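As structure tokens, the structure follows; a few thoughts come after it.
Please treat every number below as a calculation from the coordinates, not as lab data. Everything numeric here is computed off the predicted structure, so don't read it as measured data. Cβ: placed from backbone, ideal geometry, glycine included. Neighbour counts: every protein chain shown.
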Amino acid sequence: MRQSRLFGKTLREDPKDEVAANARLLERGGFVYKSMAGVYEYLPLGLRVLDRINAIIREEMNAIGGQEVFFAALQPKDRWEKSGRWKVLGEEVMYQFKDHSGRELGLASTHEEVAAEAAARSIYSYKDLPLFIYQIQVKFRDELRAKSGLMRGREFFMKDLYSFHADAADLERFYWKSADRAYRKIFTRCGLDAYLTEASGGTFTKEFTHEYQVLSGAGEDLIFYCANPACRYAQNREIATLQDGGRCPKCDDGKITMGKSIEVGNIFRLGTRYAEAMGLFYADKDGKKHPVVMGSYGIGPGRVMATVVETHRDERGIMWPDALAPYAAHLIALGADDSRARKEAEKIYAQMEKKGIAVLYDDRADKTAGERFADADLIGLPWRVVVSEKTMEKKGVEIKRRGDAKSRIVSAADVFKRIS
């Protein structure tokens, strides 16, 4: 991508009324555009990051047997009345309205009801279990105080996985399989150090659930966690029996510490509540009917993006992990259009494309070198490659890893090798 043609320009100043670092940096860097409080448009740079997060999620969901679906956001009232959540969610977060015929509808803030209802057409016997389906879809929540950029929105992306089981024991096995294998890998691959945290079930279940919390001063949650890296036991403040400065009850060696955190995912044991409400039953070996036992597992891809920005940045801008960066390298050409440096940069750009290296090429002629370097730091790609008359004299190009204090001059061939 040539930066002169990129849709979404960088901003010199922070957007007004934005406090959260992720909101300021993502808007300034041209990743997102804010329509209104809690609603953001994803521009090409932001969409490329989101796509990379979603690709990681899909790989790990597929690895534990998930099948991808896509449920509608527009939901009929009667479906939610069966579960008893039409009134509850309507009073809290669900957008509800009437269409031109007077039919009452809602925009889904979650999809347990439709997942159970749809599964009733696929699950009849114990032989059909277990079953795992997931989606990455837009959700809507009428947040009273939409804030913190992509961390708390009214329209946002959500990955929700639903599991269906013959009994609680099978749910328990998959619950921890998803927690230990899929979720931990997803957050690690995204560059996040997430604590598996005991939490309340909210409107989903009466049982305790688990959240994935990332320590950050920008967080809206407060957790108590064991500082022993071999333990990492944690509880959300809402249910905490732990005390700041106390001894960890799990490992007996670690000290409990209190910290602000960002929730990036959660997992729920739903039991049979939604299956019974939506008529989801299966026949055992003897033909006896039983309600299907369900689990629900959520990750917010946009919230993951925001959390990465909050935890991977410096005073100059974003520092994207390699796995999420929209492009691997930021190639900057300094010099006139007919200069040796510009011709060499064009050559390197073509070679990068040929070698499959995702590169953002700053070919802009109306910006100073200082403005280009500032934009490169703000956008935060892993590598910066500069071609200028000075580097040409040294028979190479300048390469610098984002976050490193110093750059170095290397050959073009070495650039390809390092970035690849």
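Quick check: pseudo-label points 7 Å beyond the Cα along Cα→Cβ at E393 and R408, how many nm apart are they?
2.2
Which net charge results when you count Lys and Arg as +1 and Asp and Glu as -1 among the other residues whose beta-carbon is under 14 Å from that of K343?
On the way: positive: R340, R342, K347; negative: D337, D338, E344, E346, D363, E389.
Overall, the nearby charge balance is -3.
Please report the Cα spread of the range 329-419 along all three principal axes, rounded to whole Å, starting with the longest.
Between the extreme Cα coordinates on each principal axis of the range 329-419 lie 29, 26, 23 Å.
Just to be sure I understand the curve: with the Debye formula and one point per C-alpha of the range 6-152, what is log10 I(q)/I(0) at q = 0.12 Å⁻¹?
Relative scattering, expressed as log10 I(q)/I(0), comes to -0.71.
Return the tail of the calculated pair distribution for the range 3-314, meaning the percent of Cα-Cα pairs more than 24 Å apart.
Numbers: 27540 of 48516 pairs.
Distances greater than 24 Å cover 57 percent of the Cα pairs.
Can you list residues from other chains, or at least 5 along the same chain, whose modelled amide H is less than 5 Å from the amide H of Y282?
Amide H to amide H, under 5 Å and 5 or more residues apart or across chains, Y282 pairs with H290, V292.
Enumerate the helices in the chain for which the Kyte-Doolittle hydropathy averages 1.6 or more and the C-alpha atoms extend at least 20 Å along the helix's axis, using complete DSSP H runs.
Details: long enough: 44-63 (28 Å, 0.08); 340-354 (21 Å, -1.61).
Membrane-span-like by this rule: not one helix.
Please give me the summed charge of the neighbours of Y233: other residues whose Cβ is under 13 Å from its Cβ, Lys and Arg +1, Asp and Glu -1. Kindly include the intermediate steps, with their values, before the conclusion.
Details: positive: R232, R247, K250, K255; negative: E198, D252, D253.
That sum, taken over residues with Cβ under 13 Å, equals +1.
Students often forget the sequence filter, so: which lysines lie under 24 Å Cα-Cα from K147 once same-chain residues fewer than 8 apart are removed?
Filter leaves K9, K16, K34, K139, K159, K260.
Which cysteines in the chain lack any other cysteine whose Cβ sits under 4.7 Å from their own Cβ?
Flagged as lacking a Cys partner: C190.
Taking K288 as the anchor, which lysines have their alpha carbon closer than 16 Å to its alpha carbon, excluding any fewer than eight residues away along the same chain?
By straight Cα distance, K288 reaches K127.
Between L50, L105, L378, which gets the highest mean-square fluctuation from a Gaussian network model of the chain, Cα cutoff 10 Å?
Most flexible of the set in this elastic network: L105.
Suppose R0 equals 22 Å. What FRET efficiency, 1/(1 + (r/R0)^6) with r the Cβ-Cβ distance, do V88 and E220 give to the nearest 0.05?
Details: r = 22 Å, r/R0 = 1.00.
With a Förster radius of 22 Å, E is 0.50.
Please report the projected area of the range 60-125's Cα convex hull averaged over all directions, in nm². Provide the component values of the computation, followed by the final result.
Values: hull surface 24.3 nm².
The orientation-averaged projected area of the Cα hull of the range 60-125 comes to 6.1 nm².
How much space per residue, in cubic angstrom, does the convex hull of the C-alpha atoms of the range 4-55 take up? It would help to have the intermediate numbers written out before the result.
Numbers: hull volume 4.3 nm³, N = 52.
It is 82 Å³ per residue.
With a Förster radius of 35 Å, plug the Cβ-Cβ distance of A350 and V19 into 1/(1 + (r/R0)^6) and report the FRET value to the nearest 0.05.
E between A350 and V19, to the nearest 0.05, is 0.25.
Would you mind checking which residues have amide H under 5 Å from I332's amide H? H placed 1.01 Å from N; only 5 or more apart, or other chain.
Close amide H contacts, sequence-distant or interchain: D362, V385, V386, V387.
Mind checking which lysines have their C-alpha under 22 Å from K347, skipping anything on the same chain fewer than 8 residues away?
K347 reaches K355, K367, K390, K394, K395, K400, K417.
In nm, what is the difference between 0.36 nm times the number of residues separating R121 and F281 and their Cα-Cα distance?
On the way: separation 160, 0.36 × 160 = 57.60 nm, distance 1.03 nm.
Working it through step by step, the gained length comes to 56.6 nm.
Counting only Cα, what are the radius of gyration and maximum Cα-Cα distance Dmax of the range 179-332, in Å?
19.2, 70
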